[in-house]
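All remarks here apply to the structure that follows.
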Amino acid sequence: MENYYNEIKKELLNYEITKKVKEYSINKSELETKYNVGKMLIEAQGGEERAKYGNGLIKEYSTRLLKETGLKYSETSLKYMRKFYLFQKGQQLADQSISWSHYQELMTLKDNVKIKYYIDQIKLYNLSRNKLREKIKSKEYERLSEETKNKLSLDSTQEYEIADFVKNPIIIKNTKKDENISEKALQELILEDIPTFLKELGDGFTFIENEYKIKMGNAYNYIDLLLFNYKYNAFVVVELKTTKLEKEHIGQVQVYMNYIDTNIKTIYQDKTIGIIIAKENNKYVMKYCSDPRIYNTTYVLS
């Protein structure tokens with residue numbers, strides 16, 4: 001019985017490996033072909049400048065391909081190949097672990113740093129084309145801090161902090177259809193789709209509990225959201241405010257962070273981080289906040 005299982009396991013593992021190799025090979029071939037076709041289209045049209053006005057030739061080629069070979073390559077698909085060549089010109093041929101459909105979305109972007117960011121997101125979260133489109137449409141890159149964008153523009157040896165990829169503002173889907181919501185209602189909206197919220201915060205966040213109960217003396221307090229970031233090996237206290245950020249909010253989250261450090265954190269974990277998500281920012285409060293472990297961002301309801 002065990003021998004049969006081992007043989008079955010071996011057969012299926014071999015199949016999965018072969019399948020992945022074939023998928024990679026097919027994708028690589030598709031990208032190389034479309035790059036080469038795009039290059040030849042540019043050359044056939046007399047160079048890049050003339051190619052801008054050479055759509056008539058592309059129409060002719062599309063018609064002839066269908067008539068002579070039965071291959072259905074529309075004018076639009078041939079134009080995408082031409083665009084792909086220009087998109088990749090002067091660079092090493094496209095990252096071949098990413099599909100052609102992803103590149104069709106990426107080719108709508110102009111900024112190389114932005115493109116690099118979204119390529120990293122595709123790999124990190126195994127994004128489908130539709131999910132990539134959603135991220136681009138929500139202006140995820142634009143909602144990063146300028147400091148983070150500067151880091152992304154440099155080489156990959158840059159060190160990132162836990163707050164580098166926290167978006168500002170964070171987008172929260174508003175199923176209640178009410179703009180004037182309470183902190184409790186805001187928390188409920190987040191809990192309806194906690195995976196999306198964690199991704200808005202960045203990489204490595206996991207959910208522990210909402211309304212996390214802590215006892216200080218004879219009184220009980222409740223942390224809105226307690227998270228853990230496995231990438232930075234630290235607990236994360238999240239407080240939600242449906243008002244403008246005030247100095248009292250800093251003190252509150254700092255007390256909660258210190259409580260977690262004293263009572264929950266082990267010696268193998270880094271100090272607790274605090275994130276305050278408020279309706280409106282207050283740059284003066286954060287300017288004079290002396291605790292570098294506390295970050296703030298805002299939210300919008302969509």
Spherically averaged projected area of the chain from its Cα convex hull (nm²)
24.9 nm²
Can you give me the angle between helix 55-69 and the longest principal axis of the chain, using Cα atoms only, in degrees from 0 to 90, rounded to the nearest 10?
70 degrees
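Just list whichever of Lys244/Lys265; Lys67/Lys139; Lys39/Lys135 have alpha carbons separated by over 32 Å in the model shown.
Details: Lys244/Lys265 30 Å; Lys67/Lys139 42 Å; Lys39/Lys135 30 Å.
In this structure, Lys67/Lys139 lie more than 32 Å apart at Cα.
For the stretch 144-302, count the residues as N, evaluate 2.2 N^0.38 Å, and divide the Cα radius of gyration by that value, please. Can you show the working numbers first?
Working: Rg = 15.5 Å, N = 159, 2.2 N^0.38 = 15.1 Å.
In units of the 2.2 N^0.38 Å rule of thumb, it is 1.03.
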The long-range amide H neighbours of Asn282, using H built 1.01 Å from N in the peptide plane and a cut-off of under 5 Å, are Leu245
Could you give each residue of the stretch 237-253 its phi-based ³J(HN,Hα) in whole Hz, using Karplus coefficients 6.51, -1.76, 1.60 with θ = phi - 60°, and x for Gly or Pro?
8, 10, 10, 9, 10, 8, 10, 5, 4, 10, 4, 4, 5, 4, x, 4, 5
List the chymotrypsin sites (Phe, Trp or Tyr not before Pro) in the stretch 223-281 that DSSP assigns to loop (not H, G, I, E or B) and whose Cβ has at most 13 other Cβ atoms within 10 Å. Which are they?
Tyr230, Tyr268
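Just to be sure I understand: of the beta bridges DSSP finds with both ends in the chain, what percent are antiparallel, rounded to 5?
Values: 15 of 31 bridges.
Of those bridges, close to 50 percent are antiparallel.
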Of all accessible heavy-atom area on the chain, the percent that carbon and sulfur account for (1.4 Å):
52 percent
What FRET efficiency, computed as 1/(1 + (r/R0)^6) with R0 = 25 Å and r the Cβ-Cβ distance, is obtained for Asn233 and Ser290, rounded to the nearest 0.05?
0.60
Which far-off residues, 5 or more places away or on another chain, put their amide H under 5 Å from the one on Asn296, with H placed in the peptide plane?
Ile276
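Between their Cα atoms, which of Lys110/Lys241; Lys89/Lys149; Lys28/Lys59; Lys123/Lys287 are more than 28 Å away from each other?
Details: Lys110/Lys241 36 Å; Lys89/Lys149 24 Å; Lys28/Lys59 26 Å; Lys123/Lys287 36 Å.
The answer is Lys110/Lys241; Lys123/Lys287.
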Express in whole angstrom the spacing between the alpha-carbon centres of the stretch 32-77 and the stretch 279-302.
52 Å
Full extension from Glu30 to Asp120: what is 0.36 nm times the residue separation minus their Cα-Cα distance, to one decimal in nm?
30.3 nm
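Leaving out ligands and nucleic acids, note down the accessible area per residue over the chain with a 1.4 angstrom probe, in whole Å².
Working: 18260 Å² over 302 residues.
Solvent-accessible surface per residue comes out at 60 Å².
One quarter of the convex hull surface, Cα atoms only: what value does that give for the stretch 141-225 in nm²? Spell out each step's value before the answer.
Details: hull surface 31.1 nm².
Quarter of the Cα hull surface area: 7.8 nm².
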Quick one: compute the contact order of the chain, relative version, from alpha carbon pairs under 8 angstrom and 6+ residues apart, as a percent.
11 percent
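Can you give the local net charge around Ser128? Use residues other than it whose beta-carbon is closer than 12 angstrom to its beta-carbon, Lys and Arg +1, Asp and Glu -1. Please report the intermediate quantities before stating the final value.
Details: positive: Arg129, Lys131, Arg133, Lys135; negative: Glu105, Glu134.
Overall, the nearby charge balance is +2.
The values are calculated or read from the model by the stated rules, or taken from the named source; none is laboratory data. Remember, it's a predicted structure, so these values are computed and weren't measured experimentally. Glycine gets a Cβ as well: all are built from the backbone with ideal geometry, and neighbour counts include every protein chain shown. Surface accessibility is based on the protein's heavy atoms, side chains included, excluding ligands, DNA and RNA. Shrake-Rupley method; radii C 1.70, N 1.55, O 1.52, S 1.80 Å.
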